[in-house]
Amino acid sequence: MSVRIGVYVCECGPNIPDKIDIDKVLEDIAPLNNVAAAKRFRLLCSNDGKKYLADEIRKEKLTHLVVAACSPREHEKTFMQVCVEAGLNPYLFQMVNIREQCAWMIPDKAEATRMAAKHIRAGISRVALHGPLSKKELTVNPDVLIIGGGISGIEAALSLASKTRKVAIIERSDSLGGRTGKLSRLLLHQGTDVSVLREKIEKIEKDENISVLTGCEVTDIRGFLGNFEVRIESSGEEAVSRSIVVGAVVVATGCELWDGYDPAVYGAGNIDDVVTAAEFEDMIAAGKILLKNGKPPRSVALIHCVGRKEKGYCSKVCCLYALKFAHHLRDSRAPAEVYEFYSDLCLPEKTDQEYFDGAVKKGVHFLRTENVRVEKRNGHIVVEHGDGAGKKKTLEVDMAVLAPALVPPPGSEKLARMLNIPLDETGFFKEAHAMLDPVAAPIEGVYIAGCASGPKNINESVVQAQAASGKILSTLVPGKTLEPEVKISVINEDLCTGCQTCLSVCFYGAISFQAHKGVSAVNEAICRGCGSCVGSCPSGAISSRHFTYRQLYEEIFEALR
Amino acid sequence: MTSRETRKDKRAAVLPAREGIQKAVTGFLKKALERGCFEAVMMPVRAPETRSYAWLMVKNPELLDEAAPLPPVMSVQGGRALSSLTKHGAPPLSIGVVLRPCEARAAVELVKLKQIQLDDVHVITIDCPGALPLKDYVRGGENALDRFQALLEHWDEDGAIRPACERCHRFSLDISDEDRPLAPSSKNGAFPVEIHIGLLGENKEEILLIPLNPSGEETLEKLGLTPDRPLDGWAARVRALRKKKEEKRRAGHEEFKKEISGLDRFLAVFDACINCHNCQNVCPVCYCQQCHFDSPRQHLTAQRYLDRARRRGALRLPLDPLLFHLGRMSHMVLSCVSCGACEDACPVSIPVGKVFSLVADETQPHFQYTAGKSADEPLPLQSFLKSEFCEVETPSECREHQSPEVKSHA
């Protein structure tokens, strides 16, 4: 079958003819091999223009099309659609940019004309070697897997589940609720207990579109937006393993209190009545704050910022919960003296200042200091601290409560590797963009909500869960079809030596090594066509479907001639 | 013995070598086969009635009579022979293989390139005095064998060995002057050699068998040998010879660099190249099924040839011999172990090996990498250090490499 290439130069209004002698360009390219038509048109992207092109394709029986006009970023898709409508495979089309790359840049008309002709000739050389690639369609799986059954996971599940979208929450421990479930009171509405959370959990238990898998962990995830295959194993005595398919994953694995601080400095664990915030929270929930000897404490030191220097970040929620503890201690019938030792106060929300002022009014002492030490001396708990003027002071108290840093829970690294989500220097999951895309992971179809990406309070966790749900609701519409990338890489098995260099450069995890054949293979649905593997293969066994060696060679050669 | 023992504590077993080194080593291998240390031996064997050495895999101990653990020439690079055997998985029987140190280093690189699997392969290396140039051996007749014999006795014959061997300083184990542990080890760990045969001991009528890992110790035990000879004497002689060779290498590279600096002089080196690609064919590290330069990509249309000829005024055919060498260099020089197989194979005697080992010596340090040293050291080609990106891609995020203007705005 003969090759008949149609070349159409668009005037783009006055943009191009002012700077380029189009007729001269057409003269230059019309006699080239395989060029069946070389014409000009005023505005090809207009309705008239598109109709004209479609008619030309049919009339001239074109096998390939070149449009010389503006940037492909503007109208490549437009003209590809024209090809489809005219019955021409849209990948047998090449767009040449003679507006931004010639007319708008080169002041001398003769030079601009020469360059335009060169660009078009390069495009013609290339297009003749294009292959008629075809798009594939996949129906997305609308279901969602939520990893982590804390407040973020719970909120996401309730926002997402519906008759057409099933949600599975997978939780490592035996019950839903996470750290929020262990709280005695929620902060914002002092006096509100956590029955709000209880109600949400009950809703989930009643919802037939949500399945809760407690005592289970994810052991393998492969796939892409609309099609993730997940393997789940239960950690109980009977290790049960099962696979499910979902379209999106929400990582809501939360955080935990750091326990790596030096006990010699902070005393917890080896001194009675030095407790962590979690232990104090349990005491409040149990209804009584008591020392080991059974008596209530007359004085309590609340130690902020345990681990802030070591970890290098502020954990955001501790100042507020320490204030909560302070209010609680001062509100009791026999209020204890409360001393809060802090290095900086974090009071960002609109009600926080008031809450702090309230604590001051109730007689809570605030001491700003670095370098706190909690020790036992002569049978008493002593807090040693700097006084701001270089001297050390000590304070004797009955009880000390430590507010340690919030850190990622164990297993985060493993999960990060499975999902291809990077961890940042603090060990928390790294979002696609901390400010502009805070709930998406760099991999499409995976979302991060709550403390999984860094310390947050409950309000922020809920907001993120709802945001992630919103993103899923709008992209993963049931019945929607996905078109995986067409211009992907392909590995020639005869040339592949199985050295797996390509695996080390593929960010998307789209390449796997087939041990039984001794070669590597590209997963066509996950490959994004970035071409890194093509460049990395020492054997040249990998080629891009739309950027083959021959195509690039001919295009470049023609441009440099 | 643990792998962290110092040179002072490492000891060797001694084998008498009254009938010469080759017989002593083959004797050791025969016994090892008989005692079941491994089920087959892979080594160069001289084909009867010819002078060539071919790598054979041998189960019958009697066939080892014609074997040469240290042949006078390096016919096929041992690393390459091993990869042809184990590319698609470890063989179903255990094998003992004797390699020159450069062959073992090539094998280490090939392990990292997934072309060799060393499971159940017992690697034995041997002090290497060098090899004769292939052409000299082919022409030289029995004289050549005598010359090699003298080499094994004196170890310092200038002019007799291949140029690559003359400037080779890694002819033995990697021991140093500091009190460092002897070659790192564990069966398929950093440097997967189980026994090293020392030939530079004080007594010429003995060979030293130095076990480098538990597998090596087991082999010696099975043979009823006890490693009780201290290594100080041998180590001292290795170090002294190494110093000489290092200096030769350095001086040789310096001089050669001057000879080939500048494009014209560099081109002149490859003037005689006939594009046979022998160098690539024999190179152990060149593992591609089909070299890019042998692929259909190299075939241009006649029109393209004419276009190029028109631009340059003339055209050399076949195209781009220099591009082949530079291309091959950019693909494999970071794994080049300076074995010199390429130089031996060049029919027009281009010093390919010299060019490549010079470039290897100057480029590998940029990645803090030494080819063949350790199977745990990742290939620069396949490793990406985040810290390296900041220098070129995101200087504004990298505090260390920020320009002064950016820093002052921060």
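Okay, here's what the table says:
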{"item": "Relative contact order computed over chain B (Cα-Cα under 8 Å; 6+ residues apart), in percent", "result": "19 percent"}
{"item": "Diffusion coefficient, µm² s⁻¹, Stokes-Einstein with Kirkwood Rh over alpha-carbon pairs of the range A:5-133 at 4 °C and 1.567 mPa s", "result": "91 µm²/s"}
{"item": "Antiparallel %, DSSP beta bridges [both residues in the range A:311-398], to 5", "result": "75 percent"}
{"item": "Computed over the range B:11-248: relative contact order in percent, which uses C-alpha pairs under 8 Å that are six or more apart", "result": "24 percent"}
{"item": "Cut-off under 5 Å, modelled amide H: who pairs with residue A:447 long-range", "result": "A:249, A:250, A:251, A:441"}
{"item": "Least to most buried among A:182, A:487 (fewest other Cβ within 10 Å first)", "result": "A:182, A:487"}
{"item": "Pairs of lysine residues in the range A:10-140 - Cα separation under 18 Å, sequence separation of 8 or more or cross-chain", "result": "20"}
{"item": "Separation of the residue B:382 and residue A:360 label points, Cα + 7 Å toward Cβ, nm", "result": "6.2 nm"}
{"item": "Computed FRET value (nearest 0.05) for residue A:500 with residue B:51, which takes r as the C-beta separation and R₀ as 56 Å", "result": "0.90"}
{"item": "Cross-link reach list, lysines versus residue B:30, counting only Cα pairs under 21 Å and skipping chain neighbours closer than eight places", "result": "B:59, B:222"}
{"item": "For B:55, B:155, B:234, order by how many other beta-carbon atoms lie within 10 Å, fewest first", "result": "B:155, B:55, B:234"}
{"item": "Theoretical gain in end-to-end length, residue B:303 to residue B:320 [0.36 nm per residue, Cα-Cα removed]", "result": "4.4 nm"}
{"item": "Sorted by Cβ density within 10 Å, fewest first, the residues B:307, B:294", "result": "B:294, B:307"}
{"item": "Cut-off under 5 Å, modelled amide H: who pairs with residue A:179 long-range", "result": "A:151"}
{"item": "Degrees, to the nearest 10: B:142-154 long Cα axis against longest axis of chain B", "result": "80 degrees"}
{"item": "About the Cα centre, charge dipole magnitude for chain A (Lys/Arg +1, Asp/Glu -1 at Cβ), debye", "result": "800 debye"}
{"item": "Segment residue A:313-residue A:420, extension gain: residue separation times 0.36 nm, minus the distance between their alpha carbons", "result": "36.1 nm"}
{"item": "For the range A:437-448, Karplus couplings with θ = phi - 60° (6.51, -1.76, 1.60), whole Hz, Gly/Pro x", "result": "8, x, 10, 9, 7, x, 8, 4, x, 10, 10, 10"}
{"item": "Exceeding the 30 Å Cα-Cα cut-off - candidates A:200/A:292; A:311/A:350; A:206/A:480; A:182/A:311; A:456/A:487", "result": "A:200/A:292; A:456/A:487"}
{"item": "Relative contact order for the range A:263-407, counting Cα pairs under 8 Å that sit 6 or more residues apart, in percent", "result": "35 percent"}
{"item": "Per residue, the convex hull volume that the Cα atoms of the range B:251-382 enclose (Å³)", "result": "134 Å³"}
{"item": "Simple label model, 7 Å out from Cα along Cβ direction - residue A:380 to residue A:345, nm", "result": "2.7 nm"}
{"item": "Among beta bridges that DSSP assigns inside the protein assembly as shown, antiparallel share in %, nearest 5", "result": "50 percent"}
{"item": "Amide H contacts under 5 Å for residue A:343, placed H, 5+ residues apart", "result": "A:369"}
{"item": "Two-site FRET efficiency, residue B:94 against residue B:367, from Cβ-Cβ distance with R₀ of 41 Å, rounded to 0.05", "result": "0.75"}
{"item": "C-alpha center-to-center spacing [the range A:482-561, the range B:223-299] in angstrom", "result": "32 Å"}
{"item": "For the range A:41-52, 3J(HN,Hα) per residue [Karplus equation, 6.51 cos²θ - 1.76 cosθ + 1.60, θ = phi - 60°, Hz, x = Gly/Pro]", "result": "8, 5, 8, 5, 7, 6, 4, 4, x, 5, 5, 4"}
{"item": "DSSP bridge orientation in chain A - percent antiparallel, rounded to nearest 5", "result": "45 percent"}
{"item": "Set of aspartates and glutamates with alpha-carbon distance to residue B:112 below 16 Å, sequence-local pairs under 8 removed", "result": "B:103, B:376, B:377"}
{"item": "Computed [θ] at 222 nm, deg cm²/dmol, the protein assembly as shown (DSSP H ≥ 4; -39,500 (n - 2.57); rounded to nearest 500)", "result": "-10000 deg cm²/dmol"}
{"item": "Viscosity 1.002 mPa s, temperature 20 °C, Stokes-Einstein D of the protein assembly as shown from Kirkwood C-alpha radius, µm²/s", "result": "62 µm²/s"}
{"item": "The range B:299-397: trypsin sites (Lys or Arg not before Pro) in DSSP loop, at most 15 other beta carbons within 10 Å", "result": "B:316"}
{"item": "Separation of the residue A:195 and residue B:268 label points, Cα + 7 Å toward Cβ, nm", "result": "9.7 nm"}
{"item": "Calculated from backbone phi, Karplus (6.51, -1.76, 1.60) coupling profile of the range B:281-296 in Hz, x at Gly/Pro", "result": "5, 8, 5, x, 7, 6, 10, 4, 4, 9, 5, 3, 7, 10, 8, x"}
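Each value in this text was obtained by applying a stated rule to the coordinates, not by laboratory testing. Every value quoted in this text rests on a predicted model; they were computed, and no experiment measured them. Glycine also receives a Cβ, built like all others from the backbone with ideal geometry; neighbour counts cover every protein chain displayed.
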